[in-house]
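To keep things clear, I will list the structure first and then write my remarks on it.
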Amino acid sequence: QVQLVESGGGLVQAGGSLRLSCAASGRTFSSYAMGWFRQAPGKGREFVAAISWSGGGTYYADSVKGRFTISRGGAKNTVYLQMNSLKPEDTAVYYCAADLTPRAVVGGTGDYWGQGTQVTVSS
């Protein structure tokens, strides 16, 4: 059974940092692109960042460029999202996604999705 499990969310003050993790299991994800989406209350799902299977290609939404960094663990089955200089507008449920192609991850049509982790940034 394929699972993507996110962790690391929480409550942080504006300007603070959080590191999200997504652990994939149930198959080998070393050849999969992985990424992060978020959904704020009353809003649609929004692309945040993605990374290619090798880690050599990274993609970011304009709203997070320069503040967030996506990376993969050594075994390629884990993806991280380091979030710095957090703003109240970053408050959302953050979801991990995976697919064979970065295009599908960026486009929100990835094959696999996690259940999400809540990030709340207070002003």
Q. Residue by residue through the stretch 83-92, which ³J(HN,Hα) values in whole Hz follow from phi under the Karplus form 6.51 cos²θ - 1.76 cosθ + 1.60 (θ = phi - 60°), with glycine and proline marked x?
A. 10, 10, 6, 5, 10, x, 6, 7, 4, 4
**Q.** Model label zone, Ser122; criterion: amide N under 16 Å from point 7 Å along Cα-to-beta-carbon; scope the stretch 1-30
**A.** 10-18
Q) Ignoring ligands, DNA and RNA, what accessible area per residue does the chain give at 1.4 Å, in Å²? A) 49
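The values are calculated or read from the model by the stated rules, or taken from the named source; none is laboratory data. Keep in mind the model is a prediction, meaning the values are calculated, not measured. Every residue, glycine as well, gets a Cβ built from its backbone with ideal geometry; the counts of neighbours run over all protein chains shown. All accessible areas refer to the heavy atoms of the entire protein, side chains included, with ligands and DNA or RNA removed. Shrake-Rupley method; radii C 1.70, N 1.55, O 1.52, S 1.80 Å.
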